[in-house]
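Below: the structure, in structure tokens.
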Amino acid sequence: MIRGSCLCGGVKFEVKCASGPFELCHCSRCRKVSGSAYMAAIGVRRENFRFLSGHNLVKVYEAPVVESPPPYRVCFCNSCGCCVPDPNDTSEFFEIAAGLLDDDPELRPDKHIFVEAKAKWDEIRDNLPQLDKQALLKARSGQP
């Protein structure tokens with residue numbers, strides 16, 4: 001099991017296994033949520049995830065829709081402000097901020113996404129693929 005928690009430890013969860021992808025998102029909203037150059041997020045299947053404690057501490061913020069639904073949804077611990085997984089999400093697949101994990105997910109970042117929106121002061125220095133929005137949408141649709 002991969003354990004995870006918020007900064008104060010009030011919200012705790014576990015993941016049986018992380019399926020990936022492990023993306024580094026440079027969109028402006030992810031940068032604001034993470035307070036950094038990008039949000040490191042790991043894909044997880046709902047069936048492999050469970051909350052252990054802290055449901056009552058989780059609050060939700062839905063940012064206005066910019067292009068098309070759904071809205072950008074952020075869940076956070078009401079006690080420490082740390083972003084946390086959404087306890088009410090019923091989707092089969094979702095992402096967890098990698099910084100929440102207390103154990104090694106045994107995955108490593110596989111790509112940068114929304115690189116056209118990266119902070120001007122940020123410089124990507126690794127050799128991971130760099131996808132802009134169009135390339136990401138194409139890759140996720142399964143088009144060659």
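Structure values in brief
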quantity: Members of region 60-94 that are out of contact with any Cys (no Cβ under 9 Å at 6 or more places or on another chain) and either outside any loop (DSSP other than H, G, I, E, B) or of a type in the set (S, T, N, Q) (or both); calculated: GLU62, SER68, ARG73, ASN78, THR90, SER91, PHE93, PHE94
quantity: Residue within region 57-69 that is within 16 Å of the chain's Cα centre (by Cα), among the aromatic types (Phe, Trp, Tyr) and under 20 Å from VAL15 (Cβ atoms) present; calculated: no
quantity: Filter result (assigned to a loop (DSSP other than H, G, I, E, B), under 30 Å from GLU14 (Cβ atoms) and within 18 Å of the chain's Cα centre (by Cα)) within region 101-127; calculated: ASP102, ASP103, ASP104, PRO105, GLU106, LEU107, ARG108, PRO109, ASP110, PHE114
quantity: Test: residue in region 2-21 that is touching a helix residue (DSSP H, G or I) at 6+ places or on another chain (Cβ under 8 Å), crowded, with 19+ Cβ neighbours inside 10 Å, over 18 Å from PRO87 (Cβ atoms) and at pLDDT 95 or above; calculated: no
quantity: Residue, nearest to PHE114 (Cα to Cα), within region 33-51, restricted to residues that are open to solvent by 80 Å² or more (accessible area, probe 1.4 Å) and in a strand (DSSP E or B); calculated: ARG45
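Matching residues to (1) over 17 Å from SER5 (Cα atoms); (2) touching a residue at least 12 places away in the same chain (Cβ under 8 Å):
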| position | (1), (2) |
| --- | --- |
| GLY35 | yes, no |
| ARG45 | yes, yes |
| ASN48 | no, yes |
| GLY54 | no, yes |
| LEU57 | no, yes |
| PRO70 | yes, no |
| PHE76 | no, yes |
| GLY81 | no, yes |
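So that you can scan it fast, the table gives a plain yes or no per residue for (1) over 30 Å from GLN130 (Cα atoms); (2) within 11 Å of the chain's Cα centre (by Cα):
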residue	(1), (2)
MET1	yes, no
GLY9	yes, no
LEU24	no, yes
CYS27	no, no
ARG50	yes, no
HIS55	yes, no
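The values are calculated or read from the model by the stated rules, or taken from the named source; none is laboratory data. Nothing here was measured: the structure is a model prediction, and the numbers come from that model. Cβ coordinates were reconstructed from backbone atoms using ideal geometry, including for glycine residues, and neighbour counts include every protein chain displayed. With ligands, DNA and RNA removed, areas are computed over all heavy atoms of the protein, side chains included. Shrake-Rupley method; radii C 1.70, N 1.55, O 1.52, S 1.80 Å.
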